Amino acid sequence: MIPTQGRVLVDFYADWCGPCKAMDPVLEEFKMRSDAKLVKINVDKHRDIALEYGVRSVPCFIFFDDGAEKNRKFGAMPVERLIQMTGG
């Protein structure tokens, strides 16, 4: 489910999570401003993946470069911070 090639930002979220919902417009802007691919994973539907990556709170953003985890941040944040964590 998580691509192993290229630059990928994974958004671990839940439908009931207020901060996750607040990130929706920020993530839309991120997609327009970044060349990193965005993958969204619902932790309630994919608990196995969330457990595999040690996600215990949402929203959780993990940046991968060619399958290797490079950065991890939790909570709502501005688009600039997402861009910074993915290296531009």
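Quick note: the coordinates plus some simple rules give every number you see, no bench work behind them. Because the structure is predicted, anything quoted here is derived from the model rather than measured. For neighbour counting, all protein chains shown are included, and Cβ atoms are generated from backbone atoms with ideal geometry for every residue, glycine included.
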## Note on the structure
With -39,500 (n - 2.57) per DSSP H segment of 4 or more residues and division by the full residue count of the chain, the 222 nm estimate, nearest 500 deg cm²/dmol, is -8000 deg cm²/dmol
### Message
With no other cysteine's Cβ closer than 4.7 Å, which Cys residues of the chain count as lacking a disulfide-compatible partner?
### Response
C60
### Query
Measuring from label point to label point, each 7 Å out along Cα→Cβ, what is the K37 to Q5 span in nm?
0.9 nm
### Query
Could you list log10 I(q)/I(0) for the stretch 27-85 at q = 0.12 Å⁻¹, which the Debye formula gives when each Cα is one point scatterer?
-0.29
### Task
Mind sorting K73, K45 by how few other Cβ atoms lie within 10 Å of their own Cβ, fewest first?
K45, K73
